[in-house]
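First comes the structure, then the notes that go with it.
The values are calculated or read from the model by the stated rules, or taken from the named source; none is laboratory data. Worth saying up front: this structure is predicted, and the values here are computed from it rather than measured. Virtual Cβ from ideal backbone geometry, glycine too; neighbours counted across all protein chains shown. The accessibility values were calculated without ligands, DNA or RNA, using every heavy atom of the protein model including side chains. Shrake-Rupley method; radii C 1.70, N 1.55, O 1.52, S 1.80 Å.
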Amino acid sequence: MTLNTNWSYPTAIRFGAGRISEIADACAAAGIQKPLLVTDKGLADMPITQGTLDLLDAAGLGRAMFSDVDPNPTDLNVEEGLKVYRAGGHDGVVAFGGGSGLDLGKCLAFMAGQTRPLWDFEDIDDWWTRADADAIAPIVAVPTTAGTGSEVGRASVITNSATHEKKIIFHPKFLPTVVICDPELTVGMPKFITAGTGMDAFAHCLEAYCSPHYHPMSQGMALEGMKLVKENLPLAYADGADIEARAHMMSAAAMGATAFQKGLGAIHALSHPIGANHNTHHGTTNAVVMLEVLKFNRRAIEERITDAANYLGISGGFDGFYGFVETFIDSLGIPKNLTELGVENPDIEALTKSALEDPSVGGNPVEMTYENTKKLFEACL
């Protein structure tokens with residue numbers, strides 16, 4: 001019997017409108033008495049962030065914050081955050097925001113007690129076992145977007161500032177102890193962020209669904225996640241105050257990130273080096289390369305995509321699904337190619353090399369080689 005694998009599923013999630021009010025109790029459940037709230041620069045002064053700090057302060061937990069986090073967080077952000085964490089004598093992290101704030105916050109909690117350098121824990125083989133698991137600080141995660149799903153993930157994506165490569169830092173204890181999914185926190189998202197993060201969730205579900213690896217639980221979650229995005233992203237995009245659509249999108253984001261334990265693929269393998277070198281929005285970049293990747297993988301996924309199309313109420317098999325994705329992306333104002341996205345004078349050879357070194361390559365249904373990956377990049381331009 002060849003069906004032999006390891007599975008792991010998410011953490012405790014407090015889901016519902018207004019549940020940010022439970023942030024102090026979530027910290028108590030995680031054993032955190034002096035949290036550092038980690039978020040990105042854009043969120044630092046926003047009412048949802050300051051309101052969360054007020055809740056922590058009122059509970060006697062202080063209002064410490066680190067927000068020097070780039071849209072694609074780097075090792076330099078990690079270094080600065082660790083200085084603040086250690087100087088403040090903190091004992092845990094509230095990771096607050098979209099993918100950048102969540103990833104950086106989780107990474108700070110992970111690195112707080114480590115003695116080895118960050119890149120020693122890259123997601124390669126069993127490098128995660130190098131970490132001192134007892135030195136990892138507890139994490140409470142609070143997503144404010146509905147896309148990355150980092151709140152239920154066991155890794156952070158950090159850009160190496162020297163090489164401009166995105167690296168995945170992994171450890172099972174990256175998984176937050178408590179997650180608060182409050183759709184009210186996503187109501188103020190601008191349309192382009194709603195679209196980009198929503199397509200990130202869709203990309204996670206689509207790639208997990210197409211991955212050749214065996215994980216039927218993730219397979220089902222990915223399929224239902226695509227359905228939630230199909231039905232609710234247009235509603236959230238049209239009316240940012242549609243709290244039910246926002247809630248369903250938060251579910252889809254968490255489902256996508258859980259599902260991609262089954263694997264990712266060429267969408268992410270291309271998107272990671274593009275984002276690292278050209279500072280593009282990750283979810284939007286995923287959407288921009290999605291159609292070309294579907295064509296690239298067609299011969300390996302046509303039957304599977306036809307099944308998905310039937311479940312999603314899309315007629316026409318693979319072609320019908322492709323047409324739906326094309327129309328869906330266009331309706332959300334997503335750029336049609338990487339040039340429209342702002343990718344200027346790309347070093348195709350360097351991007352190709354980086355893509356082939358990305359861990360996502362292993363989950364693509366069609367083997368990625370230097371030649372076909374280079375052609376794929378060129379098609380996306």
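Some points to look at:
- Extension gain (nm, one decimal) between D307 and R130, 0.36 nm per residue minus Cα-Cα: 59.5 nm
- When the chain is treated as a Gaussian network with alpha carbon springs shorter than 10 Å, the biggest mean-square fluctuation among G240, G362, G316 belongs to G316.
- Förster-model FRET efficiency, 25 Å R0, L3 and K295, C-beta, rounded to 0.05: 0.25
- About its Cα centre, the chain has a charge dipole of approximately 380 debye under the convention of +1 per Lys or Arg Cβ and -1 per Asp or Glu Cβ, with nothing else charged.
- The chain: radius of gyration over Cα atoms, expressed as a fraction of 2.2 N^0.38 Å: 0.93
- For the chain, the solvent-accessible area works out to 39 Å² per residue, with a probe of 1.4 Å and every protein chain left in place.
- When the pairs K191/K262; K41/K375; K83/K166 are compared against a 28 Å limit on Cα-Cα distance, K191/K262; K41/K375 fall above it.
- Label-point gap, in nm, between A28 and D57 - each point 7 angstrom along Cα→Cβ: 2.1 nm
- Among 254-263, 44-53, the order from most to least packed when residues are scored by Cβ within 10 Å on average: 254-263, 44-53
- Here F192 and D347 are evaluated by their C-beta separation; at R0 = 35 Å the FRET efficiency comes out at 0.85.
- The alpha carbon gyration tensor of segment 73-172 gives principal lengths a ≥ b ≥ c with a/c below 1.5, which makes the shape rounded.
- Packing, taken as the mean count of other beta carbons within 10 Å per residue, orders the peptides 194-202, 182-190 from highest to lowest as 194-202, 182-190.
- Within the chain, antiparallel bridges make up roughly 30 percent of the DSSP beta bridges whose residues both belong there.
- Between I243, I314, I23, the Gaussian network model of the chain with springs among Cα atoms under 10 angstrom shows the greatest mean-square fluctuation at I314.
- Fluctuation leader among A12, A309, A131 - the chain, Gaussian network, Cα springs under 10 angstrom: A12
- Against the rule of thumb 2.2 N^0.38 Å, how large the Cα Rg of segment 213-328 comes out: 1.09
- Prolate/oblate/rounded call for segment 307-381, Cα gyration tensor, a/c under 1.5 rounded: oblate
- Counting only protein heavy atoms and a probe of 1.4 Å, the accessible surface of the chain is 51% carbon and sulfur.
- Inter-site label distance for T163 and D123 at 7 Å from Cα along Cβ, in nm: 1.6 nm
- Rounded to the nearest Hz, the phi-derived 3J(HN,Hα) couplings of segment 325-339 under the Karplus curve 6.51 cos²θ - 1.76 cosθ + 1.60 (θ = phi - 60°) are 4, 4, 5, 4, 4, 4, 5, 9, x, 6, x, 7, 7, 5, 5, where x marks glycine and proline.
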